[in-house]
1. Quick one: which strands (runs of 3 or more DSSP E) sit completely within region 206-321 and have at least 1 residues that are surrounded by 15 or more Cβ atoms within 10 Å (Cβ to Cβ) and charged (D, E, K, R)?
2. Can you tell me which residues in region 48-67 are more than 18 Å from residue 100 (Cβ to Cβ) and either polar (S, T, N, Q) or modelled with pLDDT of 95 or more (or both)?
3. What's the total number of residues in region 44-94 that are outside any loop (DSSP other than H, G, I, E, B) and in contact with a His (Cβ under 7 Å, 6 or more places away or on another chain)?
4. Quick check on residue 288: is it in contact with a helix residue (DSSP H, G or I) (Cβ under 6 Å, 6 or more places away or on another chain) and within 17 Å of residue 237 (Cα to Cα)?
5. Looking at the structure I just gave you, is residue 59 surrounded by 18 or more Cβ atoms within 10 Å (Cβ to Cβ) and under 24 Å from the mean Cα position of the chain (by Cα)?
6. Within region 103-126, restricting attention to residues that are of a type in the set (Ser, Thr, Tyr) and in contact with a helix residue (DSSP H, G or I) (Cβ under 8 Å, 6 or more places away or on another chain), which residue is nearest to residue 155 (Cα to Cα)?
7. Can you find, within region 146-171, the residue that is modelled with the highest pLDDT among those that are assigned to a strand (DSSP E or B) and surrounded by fewer than 21 Cβ atoms within 10 Å (Cβ to Cβ)?
8. Of all residues in region 185-195, count the ones that are free of Cβ contacts under 8 Å to residues at least 40 places away in the same chain and either outside any loop (DSSP other than H, G, I, E, B) or surrounded by 14 or more Cβ atoms within 10 Å (Cβ to Cβ) (or both).
Amino acid sequence: MRTAVALVLAGIVAASLSACSTAPGSGDCVAAASGSVSDSVKISGDFGSEPTVEFTAPLTVEATQRTVAHPGEKRTDFAETGDEATVNFVLYNGTTGVQVASSYQDGAPSTFTLDEALFLPGLVKSIVCSAPGDRVVGVIPPADAFGANGSESIQVAPGESLVFVVDVISISQPYATGKSQPPVDGLPTVTLDKDHVPTITIPDTAPSDELQIALLKKGDGTVVGDGDIVRVQYVGVNYNTKAIFDQSWGGNGPVEFSTQGVVAGFGQALVGQAVGSQVLVVIPPDLGYGPQGGTPDGSIGATDTIVFVIDILGTTPAAAG
C-alpha cells in the first residue's frame, strides 16, 4: 500500500539519468553506483524494524549514490525498471540531518512503481537492482529529489539532498503473472502486447443481461476479500461503442481502491480472486453506471454494458490499509 508520504514522493520532478553501473549477477539490471558518501552512512538494527541511521550532515553528492548496507540471504530476484517494489523506509533531509518521513510511523509498507516518471528519480535509482531482504542506502542530490522547489510538507527546502534507507520486502511485476486459462466462448476476446497491455475485442452479438466473469489468468496469491484495498491494472471498454473509456495502463497505474468503492460489477469480479489473476468481466447497466444514468462525460450511457480486463497485483484488508 502507498502511504501518505509515498504519495508526496510521487512524480514531483523529472531528472536525467546519472552515472550508473551494472549490479553483479543481475542481468540487464542497472543500478546507481555506490560511493564514499553513501558508504559513510551507518545503519544498525534488524531488517523489518525501523533502523538507526547515523551520518554527518550535510551530505552532498552530484549524482545519486547507492550502497547495499546489508544484503538479503537470497539475492536472485532483482528489481528492474517497471517492477513493483514493496518496501519499508526512512527518509532524512541530507542537508539538515532531520528525519522527514517513515513508513514505520505511517503504519504500513509502501509500494513504489520503479518508474522515474512516477516517483522521485533518486528513490527509484536507490531501489533498482535490489533484491528482497536487502537493506539499501541512497544519498540523493536535489536534481533527483525535489530540486529547486523543495517540499514544504516534509521539511525539505529548495536545493536540499535526501538520505533514503529502505528495506526491500518484495518485488513483483506490474501485470498479472498467473497461469493462462482457456477463453470462454461468446465473451469478448483479449490479446496482450509485449508490455502485457490488454486489447479487448467486442463480439458483434448483443451483450448478456447478466454479469459475466471469466478468469484469463489464474494466480496463486492472497484471495481478495470483500472490502479489501486492491492494487490493479485495468482497461475498460464500452460494449456498445467498442471504445476505451478508462484505463490505468500508460497513466499513473497501477492503482489502488476498495472493492466497495467501485461499481458493483467491478467489485464482484475481484472478490474471491487470487492475486496474480487476470479477470475479464462484462457488466450489465444495472451493476455498472446504469443506476447513475451513465457517466457525466457521456462515454457510458445509462443502458450501456461495459467490459473490464483487470490484473490483480495485490490486496490488503481494509483495516490494514
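1. 212-218, 229-238, 244-247, 255-258, 306-316
2. Answer for region 48-67, where residues must be more than 18 Å from residue 100 (Cβ to Cβ) and either polar (S, T, N, Q) or modelled with pLDDT of 95 or more (or both): 49, 62, 63, 65, 66, 67.
3. 0
4. Yes: the conditions hold for residue 288.
5. So residue 59 does not fit the description; no.
6. Within region 103-126, the match that is nearest to residue 155 (Cα to Cα) is 103.
7. 169
8. Residues in region 185-195 being free of Cβ contacts under 8 Å to residues at least 40 places away in the same chain and either outside any loop (DSSP other than H, G, I, E, B) or surrounded by 14 or more Cβ atoms within 10 Å (Cβ to Cβ) (or both): 3 in total.
The values are calculated or read from the model by the stated rules, or taken from the named source; none is laboratory data. Computed from a predicted model, the values in this text were never measured in an experiment. Counting neighbours? That spans all protein chains shown, and the Cβs are built from the backbone with ideal geometry, glycine included.
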